[in-house]
Amino acid sequence: LPVREVGAGLAEVIKYGLIDDAPFFEWLAANSGAIRKLEPQRLIEAVRKCCESKAAIVARDEQESGVRALLNLGHTFGHAIETAAGYGVWLHGETVAMGMVMAADLSARMGWLDGGGARRIRQVLEEDYQLPVIPPPSIDVTQYLELMATDKKVAAGKIRFVLLRAIGRAELTAEVSPELLQQTLGAGEKLCRRQ
């Protein structure tokens, strides 16, 4: 696969460490060079860990009524970016990487995840795995909100987000302050202007 496609796939691998396995997340950070070069032993270990994690989550929630939604960390934001940018502009894993950084930012704003954890997530995605983490500046807050309102995780008119209590501890919630959400959505615009 082209390097960009590999990176997009690895964003989904990193997601598993963030959801429920902080040591795996740190192992991915420590082994990023070998994994990005597709070193067989480390790649096999990463795939094995992801398969085990997904199997355990799916076994706990075969009907997709609760914990299985955690597999969508970064996807509510990412799907909005994909749709707004137009199919094919960004790879799915690239938008998931952006979305995970946005989810970490919102988690930190809510007081769930400490600022150091949010920065660590961005560092691993951006520096260790060379993934894009800043959403396109062309998407404004209103457009995000409109697109996220159609996400499959919306329930009873409320957008449900997979957020982080800590690295390795994700949680599904619809109890998000509109003001804090708008701050996170607007932060991407500010980051883009500073680049």
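The values are calculated or read from the model by the stated rules, or taken from the named source; none is laboratory data. Because the structure is predicted, anything quoted here is derived from the model rather than measured. When we count neighbours, we look across all protein chains shown, and the Cβ atoms used for this are built from the backbone with ideal geometry, even at glycine. Quick note on the areas: whole protein, heavy atoms, side chains included, nothing else; ligands and nucleic acids left out. Shrake-Rupley method; radii C 1.70, N 1.55, O 1.52, S 1.80 Å.
Yes or no: Val47 in contact with a helix residue (DSSP H, G or I) (Cβ under 7 Å, 6 or more places away or on another chain) and either open to solvent by 20 Å² or more (accessible area, probe 1.4 Å) or more than 30 Å from Glu146 (Cβ to Cβ) (or both)? Against the criterion (in contact with a helix residue (DSSP H, G or I) (Cβ under 7 Å, 6 or more places away or on another chain) and either open to solvent by 20 Å² or more (accessible area, probe 1.4 Å) or more than 30 Å from Glu146 (Cβ to Cβ) (or both)), Val47 does not qualify.
The one condition from (1) at pLDDT 95 or above; (2) part of a loop (DSSP other than H, G, I, E, B); (3) open to solvent by 40 Å² or more (accessible area, probe 1.4 Å) that Pro132 does not meet is (3).
Taking the criterion of being small (Gly, Ala, Ser), at positive phi and in contact (Cβ under 8 Å) with a residue 60 or more places away in the chain, would at least one residue in segment 91-109 satisfy it? No - not one qualifying residue is present in segment 91-109.
Take the conditions (1) under 28 Å from Arg36 (Cα atoms); (2) open to solvent by less than 30 Å² (accessible area, probe 1.4 Å); (3) in contact with a strand residue (DSSP E or B) (Cβ under 8 Å, 6 or more places away or on another chain); (4) at pLDDT below 95; Gly86 misses just one of them, which is (3).
Checked against (1) open to solvent by less than 20 Å² (accessible area, probe 1.4 Å); (2) free of Cβ contacts under 8 Å to residues at least 40 places away in the same chain, Tyr16 passes all but a single condition, namely (1). Any residue in segment 163-189 that's over 22 Å from Ile139 (Cα atoms): show its pairings with residues that are at pLDDT below 95 and of a type in the set (Phe, Trp, Tyr) at Cβ separation under 8 Å, as long as the two are six or more apart or on different chains. So the pair list comes out as Leu172/Phe161; Thr173/Phe161; Ala174/Phe161.
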